[in-house]
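One structure is given here, and the rest of the page talks about it.
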Amino acid sequence: MKISGAEIIIESLKREGAKHVFGYPGGVVLNIFDSLYDNKDVQLILTRHEQGAIHAADGYARATGKAGVALVTSGPGATNTVTGIATASMDSIPLVVLSGQVPTMLIGNDAFQEADIVGITRPCTKYNYLVKDVNDLSRIIKEAFHIATTGRPGPVLIDLPKDVTVAKAEFTWPELDMRSYKPTYEGNKWMITQAAHTIAKAKKPVIIAGGGVILSGASKELRELAEHAEIPVTMTLMGLGGFPGTHALSLGMLGMHGTYYANKAVQESDLLIAIGMRFDDRVTGKVEAFAPHAKIVHIDIDPTSIRKNIRVDVPIVGDVKRVLTVLNKVLKEEVKEQWDEVRKAWLKQIEDWKAERPLTYTWSDEVIKPQFVVEKIYELTRGDAIITTEVGQNQMWAAQFYKYDKPRTWLSSGGLGTMGYGFPAAIGAQLAFPNKLVIDIAGDGSIQMNIQELATAVINKLPVKVAILNNRYLGMVRQWQELFYNERYSYSHLDVVPDFVELARAYSAVGLRATKPSEVEPVLKEAFKIHKPVFMDFVVNWKEKVYPMVPAGAPIDHMLFEEPEKKPEKKLKAVK
Amino acid sequence: MRHTISVLVENKFGVLSRVSGLFSGRGYNIESLSVGETIDPQVSVMTIVTTGDDQIIEQITKQLNKLIDVIKVTDMKELEHVEREMVLVKVAPKQEDKAEVLNITEIFRGRIVDSSQKTYTIEITGDEKKIEAFIELVKPMGIKEFVRTGKVAIAREGVKKK
């Protein structure tokens, strides 16, 4: 029996196990929405903006590990997803984006709501398709899910001209045959053996774990490696949760706002084992001065990540989980080294660094410190929550002062640094895990970038909690202006911030406010009890800065720290 | 260092822009690019001439391999191979130079493929050096314009790179 392209799409989504689609209707996708209207298998979550839809799909994907799906109309509907697609692309998040397109015979005519979305998204998708024949549709959708979720994951866009989704065809579900797409999963055994022997010889090794650990589900294998060979582990922003933040071997995050001890350890190390990460500039600082004494073992599924920014001594292309499984086996069965004695001096050194400069902030009785809010969230949830963030100071404090013990509990836009990501991402995560506590740690600037999604949360009964660290500034911009632009706060002051409590009420959500440190805990406790979306407005110290900080382009052990407040004339000191 | 890279790709619309976008998005330059079908009509071959240090060339070949539509990437530097390019040169020689132009064309095993009262259009095929030598020789006699195809390259069979 022949069915329409729209029905083929829904049947294909069903077969791919995509129960939830985030979207927004419009002219050329009306027929697809019509087919969804009485469909029981695929539920559409109507957002209030296409950017909300794409970030929600992304949050859903990060929380579950499955591909997130979005469905939008042509032209502005499609272009509104571009930021979210680029966000997912930078962080290797699997998405399948279905965009409507004007009918085939109108393509190129500057038709109403026409945009060349395949051209626009070519550099920020893993792959994209323009479907020209309804008979190709199911195969393309199957391929899209396959490409999005395998190898180094990423977003795939499928552009759907109206006439293609109206046309009818027999439904088929062909076996995939892609001769030009074959990711490398198994690492080269000889290289892995080399890595094992390099590890055996190292005196001061450090593991840098990136998002690849989470994407490949390799937390267990990573922990086994770290514990067996007694190697301390630092994480990139994307790697948080890949190794338990509370583990004795954890150094927390490294890089621009990384811990003193992580950056010190990396710089002093004689071996870096980089796992599923890509040496982003926020991680390396000045490349020429990065880990000057270290040999580098680099494990990544994407060969282009290896030797892109940093010289590598032992490159291993493969899936992190599989490579680590083999590496652990080689270390245990062939190398058979015992590290207890060898590591003593190095682990002692790291403990000293930890004691010397722990992550800290100056307590105040009068004004709420944003770090305190994050700490309290961690304390009250006991780390059992899904945290999303916006971008800027809120994101860095959330990375520093909350300990992530499990993968997929930390959802943050790392590579692209997209403000407005956290709230819709929290909605996506909450939909996937209705019974989990999902908290967006936000700033008063970022939350306003997709605040319209409060309606989505309310209507779908998604009890997302938003902790707004409200400093009336674009805090990170202000911080840089204070430190590097002579306190000239050019357009970073948000003079008029909405009353977030009233705003939440206007959307039939709940709004709570804390203005004193003593109110923080009661507000959080109350919010966590309410089974509704809650905006928590924490009026925090506007002068607070994120420390440690490595100025852009400096080596990562050139860190700035907060000076005691008694010496206001000279606030900062670079410490090597 | 200049490299000739041969890329087998799926013969589909949009593939060329994926390949060229890979170069432009990273600030790499394409010196020449030629595309044509292969013996399998579903596969095209692109011959790309580009320059860069070892790290850049490594990135280019890896990035090309990463493209979903790319089937195979060969850096011809690593192989014994044959390269050819064709150029069409429109020359407008003075009366007294006409014989010399024809002579040079003969020496270079070129062909006159069009002529008018004032011009000859000459076809020359060869490697880069030959084509450049021809252009240098004819230039003083008045080249109106020329068009080059860009290089094509093919590996030699059964010959290992020394």
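Summary of values
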quantity	calculated
In segment B:98-118, the residues that are more than 29 Å from B:THR4 (Cβ to Cβ) and crowded, with 17+ Cβ neighbours inside 10 Å	B:VAL101
Identity of the residue in segment A:308-339, within 14 Å of another protein chain (Cβ to nearest Cβ) and under 23 Å from the mean Cα position of the chain (by Cα), that ends up nearest to A:ALA202 (Cα to Cα)	A:ILE310
Some residue of segment B:118-130 being touching a residue at least 60 places away in the same chain (Cβ under 8 Å), in contact with a helix residue (DSSP H, G or I) (Cβ under 6 Å, 6 or more places away or on another chain) and over 30 Å from A:MET178 (Cβ atoms)	no
Residue that is nearest to A:ILE3 (Cα to Cα) [pool: residues in segment A:124-149 that are within 11 Å of chain B (Cβ to nearest Cβ) and outside any helix (DSSP H, G or I)]	A:LYS132
Filtered residue count, segment B:1-36, keeping only those that are within 20 Å of A:TYR181 (Cα to Cα) and away from chain A (no Cβ under 13 Å)	2
Among (1) touching a helix residue (DSSP H, G or I) at 6+ places or on another chain (Cβ under 7 Å); (2) within 18 Å of B:LEU88 (Cβ to Cβ), the one test that B:LYS161 misses	(2)
First in segment B:35-62 and touching a residue at least 24 places away in the same chain (Cβ under 8 Å), second anywhere and assigned to a loop (DSSP other than H, G, I, E, B), Cβ under 6 Å, 6 or more apart	B:GLN42/B:ASN11; B:VAL43/B:ASN11; B:SER44/B:ASN11; B:VAL45/B:THR38; B:THR47/B:LYS151; B:VAL49/B:LYS151
Subset of segment B:146-157 [of a type outside the set (A, V, I, L, M) and over 22 Å from B:ALA99 (Cβ atoms)]	B:ARG148, B:THR149, B:GLY150, B:LYS151, B:ARG156, B:GLU157
Residue check for A:VAL156: away from every other protein chain (no Cβ under 14 Å) and either surrounded by 17 or more Cβ atoms within 10 Å (Cβ to Cβ) or within 30 Å of A:GLY100 (Cβ to Cβ) (or both)	no
Residue list for segment B:43-66, filter: more than 8 Å from chain A (Cβ to nearest Cβ) and within 17 Å of B:VAL15 (Cα to Cα)	B:VAL43, B:SER44, B:VAL45, B:MET46, B:THR47, B:ILE48, B:ILE60, B:THR61, B:LEU64
Condition broken by B:LEU79, with the remaining ones in (1) at pLDDT 95 or above; (2) more than 14 Å from every other protein chain (Cβ to nearest Cβ) satisfied	(1)
Looking only at segment A:180-201, and only at residues there that are β-branched (Val, Ile, Thr) and outside any loop (DSSP other than H, G, I, E, B), the one that is nearest to the other protein chains (Cβ to nearest Cβ)	A:ILE192
Residues (β-branched (Val, Ile, Thr) and crowded, with 18+ Cβ neighbours inside 10 Å) located in segment A:159-177	A:VAL164, A:THR165
Wholly within segment A:33-123, helices (runs of 4 or more DSSP H) carrying at least 1 residues that are surrounded by 17 or more Cβ atoms within 10 Å (Cβ to Cβ) and out of contact with any helix residue (DSSP H, G or I) (no Cβ under 9 Å at 6 or more places or on another chain)	A:117-121
Qualifying residue in segment B:43-56 (condition: part of a strand (DSSP E or B) and over 16 Å from the mean Cα position of the chain (by Cα))	yes
Odd one out for B:ASP75, checked against (1) more than 30 Å from A:ASN309 (Cα to Cα); (2) within 20 Å of the chain's Cα centre (by Cα)	(1)
A:ALA294 vs. criteria surrounded by fewer than 20 Cβ atoms within 10 Å (Cβ to Cβ) and either touching a strand residue (DSSP E or B) at 6+ places or on another chain (Cβ under 7 Å) or under 20 Å from A:ALA262 (Cβ atoms) (or both)	no
Selection count, segment B:80-107, where residues are within 18 Å of the chain's Cα centre (by Cα) and farther than 25 Å from B:PRO41 by Cα	4
Candidate set from segment A:124-145 (those that are in contact with a strand residue (DSSP E or B) (Cβ under 6 Å, 6 or more places away or on another chain) and of a type in the set (Val, Ile, Thr)); member that is surrounded by the fewest Cβ atoms within 10 Å (Cβ to Cβ)	A:ILE140
Residue in segment B:67-76 that is surrounded by the most Cβ atoms within 10 Å (Cβ to Cβ), counting only those that are facing chain A (nearest Cβ under 8 Å) and in a strand (DSSP E or B)	B:VAL70
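One line per residue, one yes/no per condition, for (1) farther than 14 Å from A:HIS55 by Cβ; (2) within 20 Å of the chain's Cα centre (by Cα); (3) buried (at least 24 other Cβ atoms within 10 Å of the Cβ); (4) among the hydroxyl-bearing types (Ser, Thr, Tyr):
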position	(1), (2), (3), (4)
A:GLN430	no, yes, yes, no
A:ASN435	yes, no, no, no
A:ALA442	no, yes, yes, no
A:GLN448	yes, yes, no, no
A:GLU453	no, yes, yes, no
A:THR456	no, no, yes, yes
A:ASN460	yes, no, no, no
A:ASN471	yes, no, yes, no
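Every residue, every condition in (1) on the phi > 0 side of the Ramachandran plot; (2) in contact with a His (Cβ under 8 Å, 6 or more places away or on another chain); (3) surrounded by fewer than 23 Cβ atoms within 10 Å (Cβ to Cβ), yes or no:
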residue: A:GLU341; (1), (2), (3): no, no, yes
residue: A:ALA345; (1), (2), (3): no, no, yes
residue: A:TYR361; (1), (2), (3): no, no, yes
residue: A:LYS376; (1), (2), (3): no, no, yes
residue: A:GLU379; (1), (2), (3): no, no, yes
residue: A:ARG382; (1), (2), (3): yes, no, yes
residue: A:ALA398; (1), (2), (3): no, no, no
residue: A:TRP410; (1), (2), (3): no, no, no
residue: A:GLY420; (1), (2), (3): yes, yes, no
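The values are calculated or read from the model by the stated rules, or taken from the named source; none is laboratory data. Just so it is clear, the structure is predicted and the values come from calculations on it, not from any experiment. Virtual Cβ from ideal backbone geometry, glycine too; neighbours counted across all protein chains shown.
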